[in-house]
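A short write-up of the structure that comes next.
The values are calculated or read from the model by the stated rules, or taken from the named source; none is laboratory data. From a predicted model like this one, the values you see are computed outputs, not experimental measurements. For neighbour counting, all protein chains shown are included, and Cβ atoms are generated from backbone atoms with ideal geometry for every residue, glycine included.
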Amino acid sequence: MKIDLSEIVSAPGMTAKLDIEETCPADIGYSCVSPVQGYMSFQNTGTLLLIGGEFKAQIKLECGRCLTDYTQTVEEKIEEEYRVEKVGDAMQALPLEDEDVSTIFIHNNILDVQELVRQELLTALPIQPLCAPDCKGLCPTCGENLNVRKCTCPPAETDSPFKALSSLLEDEKDEE
């Protein structure tokens with residue numbers, strides 16, 4: 001969805017609110033169970049265009065420990081600022097001087113809501129998705145999901161970097 005903000009940009013003091021319902025962006029690497037829903041508000045302060053709001057979506061993720069699929073609600077707030085300046089005969093919403101070009105969502109007073117939602121969703125997704133905070137993961141030997149049942153594999157012996165030091169303790173006990 002693209003929104004023309006020309007009327008708001010050219011009227012200092014004007015505010016507007018818009019409900020949004022977007023399809024899930026295809027290139028986030030996950031699929032949405034529900035559409036992205038929320039609202040956006042716009043306020044022209046005379047020198048700045050303030051964009052606020054929030055949205056939420058149900059996203060299907062794969063647990064980083066046990067590899068099962070689960071659904072997580074992702075909620076994110078939107079807070080963007082653009083400066084309002086006269087360019088030629090018209091007022092324009094322009095990025096702040098320190099903005100990265102990849103985070104600019106308004107071009108010629110047209111707001112790309114789909115791109116804004118896509119970038120906000122990407123930053124809201126967990127780095128390592130977990131189906132539960134206490135997820136036990138998979139057995140490293142047989143691959144059994146330890147959340148479902150305990151496997152019968154013997155505990156794995158780990159090579160400790162301090163194993164060589166244990167022989168020093170044994171030598172010390174022998175001297176006593």
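The requirement of being at pLDDT below 80, closer than 21 Å to residue 4 by Cβ and exposed (fewer than 11 other Cβ atoms within 10 Å of the Cβ) is not satisfied by residue 100. Could you please let me know if residue 56 is under 30 Å from residue 146 (Cβ atoms), at pLDDT 85 or above, within 16 Å of the chain's Cα centre (by Cα) and not in a loop (DSSP other than H, G, I, E, B)? So residue 56 fails the test.
Among the residues of the stretch 142-163, the ones that are free of Cβ contacts under 8 Å to residues at least 24 places away in the same chain and either assigned by TED's automatic domain parsing to the domain that holds residue 36 or not in a loop (DSSP other than H, G, I, E, B) (or both) come to 1 in all. Checking 64, 46 one by one, the residue that is within 25 Å of residue 122 (Cβ to Cβ) and assigned to a loop (DSSP other than H, G, I, E, B) is 64 and no other. Screening residue 29 against (1) modelled with pLDDT of 80 or more; (2) under 30 Å from residue 138 (Cα atoms) leaves a single unmet condition, (1).
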